[in-house]
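**Student:** Quick one: the structure is below, questions incoming.
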Amino acid sequence: MAIKMRNKRSLQFSMASMSDLVFLLLIFFMLTSTLIAPQAIKLLLPSSESRTMARQTVTVYINEQLQVFLEENPVDITGLKSGLQQMLLNEVDATVVLRADRTVPVQNIVSVIDVVNSINNLQNTRHRVILATQPAR
């Protein structure tokens with residue numbers, strides 16, 4: 001006489017819960033990676049009490065030796081203009097974040113703003129420049 005079990009064991013495995021977990025982890029890491037802005041070029045930013053949050057499209061760095069970097073690539077002012085034109089080609093109102101060391105003269109900051117304004121005049125766009133600062137102590 002053969003004994004039959006009431007509950008049969010299923011040999012199938014449902015992947016639905018595993019895929020949900022993977023998607024939740026993917027969303028978590030995508031959100032946290034956009035909140036962290038890596039600073040590859042070490043700068044002492046000026047301090048400020050105001051807080052302006054904007055979606056950054058392009059980052060321009062000016063270090064204490066007055067070297068200009070476009071997204072971590074060293075450029076001069078003419079290279080900055082052509083590089084920004086390339087990066088902002090399909091954008092209408094992008095934000096250029098300027099990370100300048102606190103020892104940089106104002107003229108160098110104004111030169112970067114002038115480059116963005118000349119691109120705005122040439123392409124009839126509304127790109128903005130935001131000067132990055134650190135919180136006041």
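All of the numbers you see were taken from the coordinates with simple rules; none came from a lab. Computed from a predicted structure; not experimentally measured. Here Cβ is always computed from backbone atoms with ideal geometry, including for glycine, and neighbour counts include all displayed protein chains.
**Student:** What FRET efficiency do you get for Thr95 and Arg6 if R0 is 41 Å and r is their Cβ-Cβ distance, rounded to the nearest 0.05?
**Tutor:** 0.05
**Student:** Residue by residue through segment 57-68, which ³J(HN,Hα) values in whole Hz follow from phi under the Karplus form 6.51 cos²θ - 1.76 cosθ + 1.60 (θ = phi - 60°), with glycine and proline marked x?
**Tutor:** 9, 9, 10, 10, 10, 10, 8, 5, 8, 6, 8, 9
**Student:** Applying the Karplus parametrisation 6.51 cos²θ - 1.76 cosθ + 1.60 with θ = phi - 60° to the phi angles of segment 21-29, what ³J(HN,Hα) value in whole Hz is obtained for each residue in order, glycine and proline being reported as x?
**Tutor:** Along segment 21-29, the couplings run 5, 5, 5, 5, 5, 4, 5, 4, 6 Hz.
**Student:** Moving on to the next point. Could you list which residues have their amide H under 5 Å from that of Ala94, counting only those 5 or more apart in sequence or on another chain, with H placed in the peptide plane?
**Tutor:** Amide H neighbours of Ala94: Arg126, His127, Arg128.
**Student:** Non-local amide H neighbours of Arg99 (under 5 Å, H modeled in plane, Pro and chain starts lacking H): which ones?
**Tutor:** Val60, Tyr61, Ile62, Ala132
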